[in-house]
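Colleague: Quick one: structure below, then a few questions.
The values are calculated or read from the model by the stated rules, or taken from the named source; none is laboratory data. Just so we're clear, the structure is a prediction, and the values are computed from it rather than from any experiment. As a convention, Cβ positions derive from the backbone with ideal geometry for all residues, glycine included, and neighbour counts pool all protein chains shown. Note: accessible area is taken over every heavy atom of the protein model, side chains too, but ligands, DNA and RNA are not part of it. Shrake-Rupley method; radii C 1.70, N 1.55, O 1.52, S 1.80 Å.
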Amino acid sequence: LHVIDDSTNLEVAASSVMLPRVFFDTVYPTVKRGGPDSSVQIHYSVKDLSGIDNWYVISYFSKSKLNEGASLDIYEYFNKGSNKLNQIELLSDKMFDDGKYSDTRTLLNVSTYDTIAVVLSNISQGYFEFLNAYQKSGNVLNQITGEPINFPTNIANGYGYFNTHNPDARIFMLKFY
């Protein structure tokens, strides 16, 4: 990545290596409908790519209005209409037992009739550390009263983190569960 601002001649640059694609072994939702006790949970399992240290991010997106006749195509989900990132979960292969990790995650701020995307990506250690620091920064109160957090970056003359990844994304229309 190399960007030059024509008006200021300032430039930023970064590079990233595309890591091997990983896939969910299993991933599926369970939906409990019952007024204020309604909830959505995602159950999943992942196998680690052996031989090297690995870091992963699972991202949970929701979209409240998907046309009735809409397909569950990944392109359509992310490029048509609005969706929001609800939460992320960071995994290190050091958390895995015999090369496998399984968990159940309760999704926050998701309606039992939303359409959700659950996305698994193999990411670099640097991006993992950036996302971890970002999560630790928390809410505004923590940012004001907590100790300063220096976010890692791989962008020369800039901020943030440039990363490439080839995710495994699964779409679920919760009204069918």
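Colleague: Can you send over the carbon and sulfur percentage of the accessible area for the chain, probe radius 1.4 Å, protein chains only?
Modeller: C and S atoms contribute 51 percent here.
Colleague: Can you tell me, using C-alpha contacts under 8 Å and at least 6 residues apart, the relative contact order of the stretch 1-71 as a whole percent?
Modeller: Over the stretch 1-71, the number comes to 19 percent.
Colleague: Output the Kirkwood hydrodynamic radius of the chain, Cα pairs only, in Å rounded to one decimal.
Modeller: Numbers: mean 1/r = 0.0546 Å⁻¹.
For the chain, the Kirkwood estimate is 18.3 Å.
Colleague: Report, in deg cm²/dmol and to the nearest 500, the calculated mean residue ellipticity at 222 nm for the chain, where each DSSP H run with n ≥ 4 adds -39500 (n - 2.57) and the sum is divided by the residue count.
Modeller: Details: 3 runs with 25 residues, N = 177.
That calculation yields -4000 deg cm²/dmol at 222 nm.
Colleague: Roughly how many debye, to the nearest 20, is the charge dipole of the chain about its Cα centre, given +1 on each Lys and Arg Cβ, -1 on each Asp and Glu Cβ, and no other charges?
Modeller: Result for the chain is approximately 640 debye, rounded to the nearest 20.
Colleague: Now for a different question. At 1.4 Å probe size, put Met95, Met173 in order of accessible surface, largest to smallest.
Modeller: Largest accessible area first, the residues go Met95, Met173.
Colleague: Starting from the Cα-Cα distance between Thr30 and Ser7, subtract it from 0.36 nm times their residue separation and give me the gain in nm to one decimal.
Modeller: Values: separation 23, 0.36 × 23 = 8.28 nm, distance 5.17 nm.
Computed gain between Thr30 and Ser7 is 3.1 nm.
Colleague: Give the angle, between 0 and 90 degrees and rounded to the nearest 10, that separates the Cα long axis of helix 125-137 from the longest principal axis of the Cα atoms of the chain.
Modeller: Roughly 70 degrees between the two axes.
Colleague: Below 22 Å Cα-Cα, how many Lys pairs turn up in the chain? Only count pairs eight or more apart in sequence, or on different chains, if you could.
Modeller: 16
Colleague: What does the stretch 1-44 give for Rg and for Dmax, in Å, if only its C-alpha atoms count?
Modeller: 22.2, 58
Colleague: Using protein chains only and a probe of 1.4 angstrom, how many square angstrom of Val22 are accessible, to the nearest 10?
Modeller: Surface open to solvent at Val22 totals about 0 Å².
Colleague: Counting only heavy atoms of protein chains, what accessible area per residue, in Å², does the chain have with a probe of 1.4 Å?
Modeller: I get 61 Å² per residue for the chain.
Colleague: In the Gaussian network model of the chain, springs joining C-alpha atoms below 10 Å, which of Ile123, Ile52, Ile42 carries the largest mean-square fluctuation?
Modeller: Ile52
Colleague: Sticking with this structure for a sec: Which is farthest toward the positive dipole end of the stretch 77-177 among Asn150, Phe96, Asn86, measuring Cα position about the Cα centre, with Cβ charges +1 (Lys, Arg) and -1 (Asp, Glu)?
Modeller: Of the options given, the answer is Asn86.
Colleague: Moving to a separate point now. Of Asp73, Asp98, which has the most accessible area with a 1.4 Å probe, and how do the rest follow in descending order?
Modeller: Values: Asp73 75, Asp98 155 Å².
From most accessible down to least: Asp98, Asp73.
Colleague: Just to confirm a number: summing +1 for Lys and Arg and -1 for Asp and Glu over residues other than Ser121 whose beta-carbon lies under 10 angstrom from that of Ser121, what do you get?
Modeller: 0
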